[in-house]
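The values are calculated or read from the model by the stated rules, or taken from the named source; none is laboratory data. What you are looking at is a predicted structure, and each value in this text was computed from that prediction instead of being measured. All accessible areas refer to the heavy atoms of the entire protein, side chains included, with ligands and DNA or RNA removed. Shrake-Rupley method; radii C 1.70, N 1.55, O 1.52, S 1.80 Å.
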Amino acid sequence: MILNKPITYKLRDWIDSSKLNYELLSSNPNAIELLSENQDKIDWTNLSINPNAIELLEKNKSKINLFGFSSNPNAIKDLS
């Protein structure tokens, strides 16, 4: 049986991380690891709609934007 490992995305060496737009990255499902490492730069409204951010949001419940979270397809169990 072959198990699928989750894909890990890494920022390329030539990208200047100081020029990243964390407001937009916060809604990117593939940027969760980078966002977890830079929580001070997260836009919590955009992160609240990110379907891959549930674990990070559960650890920071006071920062969840409920309007965005209610449209997150992976938040159903937390909303019921």
TODO: Scale the Cα Rg of the chain by the rule-of-thumb value 2.2 N^0.38 Å and send over the ratio, two decimals.
DONE: 1.18
Task: Largest to smallest accessible area among Tyr9, Tyr22 [probe 1.4 Å] - done: Tyr9, Tyr22
Task: Length-normalised contact order for the chain - Cα pairs under 8 Å, 6+ apart - percent - done: 23 percent
Open item on the list: At 1.4 Å probe size, with the rest of the protein present, what percent of the exposed accessible area of the chain is carbon and sulfur atoms?
Closed with: 53 percent
Task: 1.4 Å probe accessible area per residue over the stretch 16-80, in Å² - done: 63 Å²
